[in-house]
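The values are calculated or read from the model by the stated rules, or taken from the named source; none is laboratory data. All values derive from a computational prediction rather than experimental measurement. Cβ placement follows ideal geometry from the backbone for every residue including glycine, while neighbour counts extend to all protein chains displayed. The area values use the complete protein model at the heavy-atom level, side chains included, leaving out ligands, DNA and RNA. Shrake-Rupley method; radii C 1.70, N 1.55, O 1.52, S 1.80 Å.
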Amino acid sequence: MTVAATALLWAVLGWGVLLTGRAVVTERALRAARRAPVPEPGKEAPHVALLIPALREQDLLAEVVGATARLDYPPELLHIVVITTEREERERQDRLAELPDLARRLLAAPDDATAGAQLSGIVPSSRARDAAARVRAAADPAQALHDEVADAPTTRDVAAALLPDVAALHPKTALYHLHYDEPAGAKSSQLVYAVEQLGRLLPADADPSRTYVGVYDADSQPDRTTLRHLAHATDRARRAGQPLPTLVQQLPLQLRRPHAARGGLTDLTLRAHAVADLRRRMGIEAHRLRTRVRLRALRLPDGLRTVLDPVVYGIGAGLFVRHDRLVAIGMYEEPVDDLLIGYKLSAAGESAVVLPVHNLVDRYARVGSLAKAYSLVALGSVVGCLRLLRDPALRAFGRRNTVTLVKEGLDTVWWFLGPPCVIAAVVVLGVRGDLSTLLVWGVAAGAYLVLHALISMGHATRFLAGHEGAHERAEPLRGGGAPALLLPLILLQPVLHWLGPLRLAVARALGPLARRPLAMGKTER
């Protein structure tokens with residue numbers, strides 16, 4: 001057992017070193033591609049429909065619509081679709097019934113900042129503290145809170161007022177506002193509804209095989225040159241006599257400060273998590289996409305390529321899928337709109353590329369928000385594996401679907417069970433008195449984690465410097481208070497990453513005892 005525990009610990013450390021090495025190589029490759037000249041999109045450039053699903057996004061909607069309308073792309077080929085939802089308005093009505101109890105909690109809070117945190121998501125986060133202060137100072141707090149909630153505009157109201165102004169500034173770019181009038185269903189349902197309307201929204205020359213459907217969340221700040229790089233990727237495929245890529249992925253750069261963020265050690269921990277997350281973005285997600293491209297260039301036998309082809313993940317904000325293939329695979333599905341798209345396209349053997357420019361997005365404001373988001377991804381991983389196992393349409397892909405299932409099944413199991421296994425291995429060595437082995441491994445692991453932190457901080461600095469777009473809320477590493485603490489706090493990243501599956505597993509185990517369903521997702525704005 002001692003040998004097995006030792007082998008497990010060194011294998012985990014070796015895997016981490018491999019990921020960091022991949023991240024370094026991939027970052028350099030993307031940096032070189034970003035610096036290379038990118039020609040102006042030509043007459044063969046694809047149409048792009050950008051979908052912006054919005055739920056409680058009153059503060060951020062203007063930012064993302066303005067950023068997408070300013071993208072460097074022929075305006076006649078760019079179509080922006082904002083999708084609001086009836087769910088927001090129904091939830092507001094439900095909240096109004098709960099306000100007396102909330103008013104009492106606001107009064108019991110020790111200060112306005114703490115009270116504002118409880119109100120965030122019920123009113124827009126940027127206004128929550130001031131609203132809480134007014135409620136706490138009012139003669140009738142319950143009525144004051146009712147007025148604050150009832151008077152706040154919905155995202156639908158904001159969209160209706162905003163889009164005409166943006167259209168006046170960008171008269172050649174098509175902007176549309178759709179309202180999904182079903183109170184049930186999450187982001188995936190909004191997106192499916194929008195895709196179903198594209199036939200009447202897009203011009204007649206928008207051939208689905210030459211049109212990309214992209215998704216940006218309301219906190220997105222895509223690099224201004226994003227669509228030029230997308231057109232360049234399609235042009236390379238066309239000149240090589242290949243079909244246009246099915247999936248084009250832009251990776252998120254979670255280095256923007258959210259309105260709901262507060263100061264303190266927790267805030268710094270979440271900043272550090274955002275920096276450490278770049279290892280996964282470069283060492284896994286971008287690396288897999290680039291590997292798929294390289295394997296296709298080698299023209300390997302189909303069976304060998306099936307085994308070697310890595311499974312790609314769909315990452316929602318910045319995910320572009322060819323319109324015809326998106327419809328063919330069943331579009332977006334609950335509970336996670338993006339992850340299953342990657343699974344399905346991997347099982348089908350579709351082509352995918354990664355863009356060298358990023359989408360600057362909000363990091364998480366609270367540890368609870370991060371845990372909820374990881375819970376949703378963990379649930380999506382389990383549901384995705386079950387789909388690969390049971391869906392006749394996916395099983396029809398035969399060996400490729402089986403390989404995808406095995407790879408992602410093992411990856412999902414390790415995400416849930418890996419940390420307990422590592423802890424168990426450490427305990428075994430400690431109990432058996434093999435302290436020298438444990439000490440050597442601990443020193444090596446500590447040295448690696450420090451190196452990983454320094455590399456991640458370097459990547460974050462270079463990515464922010466290279467991002468073409470507004471930086472109003474970007475968080476340089478030298479700003480935001482106590483930047484020296486970022487280095488040790490980055491070492492907590494593996495623990496934070498495990499919060500999602502842990503939360504999901506506990507919720508499922510205690511489900512019969514729970515008084516309310518498990519809340520998931522990160523939208524609390």
(message) I'd like to verify a number: residues in the stretch 27-44 that are part of a loop (DSSP other than H, G, I, E, B) and in contact with a Lys or Arg (Cβ under 9 Å, 6 or more places away or on another chain), how many?
(response) 5
(message) Given (1) over 30 Å from ALA5 (Cα atoms); (2) modelled with pLDDT of 85 or more; (3) of a type in the set (A, V, I, L, M, F, W, C), identify the lone condition not met by ALA470.
(response) (2)
(request) Within the stretch 335-366, count every residue that is outside any loop (DSSP other than H, G, I, E, B), closer than 30 Å to ALA474 by Cβ, over 15 Å from the mean Cα position of the chain (by Cα) and of a type outside the set (A, V, I, L, M). (result) 0
(request) Could you tell me whether any residue of the stretch 361-383 is among the polar types (S, T, N, Q) and either farther than 20 Å from ASP219 by Cβ or touching a helix residue (DSSP H, G or I) at 6+ places or on another chain (Cβ under 7 Å) (or both)? (result) yes
(request) Please find, within the stretch 163-191, the residue that is nearest to HIS47 (Cα to Cα) out of those that are open to solvent by 30 Å² or more (accessible area, probe 1.4 Å) and aliphatic (A, V, I, L, M). (result) LEU175
(request) Mind listing just one residue for me: the one in the stretch 233-290 that is of a type in the set (A, V, I, L, M) and in a loop (DSSP other than H, G, I, E, B) and, of those, surrounded by the fewest Cβ atoms within 10 Å (Cβ to Cβ)? (result) ALA240
(request) Could you tell me which numbered condition THR211 fails, if it satisfies all but one of (1) at pLDDT below 90; (2) of a type in the set (S, T, N, Q); (3) in contact with a His (Cβ under 8 Å, 6 or more places away or on another chain)? (result) (1)
(request) Could you list, in sequence order, all residues of the stretch 311-334 that are in a helix (DSSP H, G or I) and either in contact with a Gly (Cβ under 9 Å, 6 or more places away or on another chain) or of a type in the set (A, V, I, L, M, F, W, C) (or both)? (result) LEU326, VAL327, ALA328
(request) Filter the stretch 296-315 down to the residues that are among the charged types (D, E, K, R) and more than 19 Å from PRO356 (Cβ to Cβ), then identify the one that is surrounded by the fewest Cβ atoms within 10 Å (Cβ to Cβ). (result) ARG299
(request) May I ask you to verify whether VAL293 is in contact with a strand residue (DSSP E or B) (Cβ under 7 Å, 6 or more places away or on another chain), outside any loop (DSSP other than H, G, I, E, B), open to solvent by 40 Å² or more (accessible area, probe 1.4 Å) and at pLDDT below 90? (result) yes
(message) Considering only residues that are at pLDDT 85 or above, of a type outside the set (Phe, Trp, Tyr) and open to solvent by less than 20 Å² (accessible area, probe 1.4 Å), which ones fall in the stretch 316-334?
(response) ALA317, GLY318, LEU319, VAL321, LEU326
(request) Report, by residue number, each residue of the stretch 43-97 that is small (Gly, Ala, Ser) and over 20 Å from ALA194 (Cβ atoms). (result) ALA45, ALA97
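A quick yes/no check of all residues on (1) open to solvent by less than 70 Å² (accessible area, probe 1.4 Å); (2) out of contact with any helix residue (DSSP H, G or I) (no Cβ under 6 Å at 6 or more places or on another chain):
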residue	(1), (2)
ARG387	yes, yes
ASP391	yes, yes
GLU408	yes, no
ASP411	yes, yes
LEU439	no, yes
LEU464	yes, yes
GLY469	yes, yes
(request) Give the residues of the stretch 206-230 that are open to solvent by less than 10 Å² (accessible area, probe 1.4 Å) and part of a helix (DSSP H, G or I), sorted by residue number. (result) THR226, LEU227, LEU230
(request) Check whether at least one residue in the stretch 169-179 is at pLDDT below 90, charged (D, E, K, R) and in a helix (DSSP H, G or I), and report yes or no. (result) no
(request) Give the residue, chosen from PRO153, PRO203, PRO164, PRO183, that is part of a loop (DSSP other than H, G, I, E, B) and either under 18 Å from LEU61 (Cα atoms) or hydroxyl-bearing (Ser, Thr, Tyr) (or both). (result) PRO153
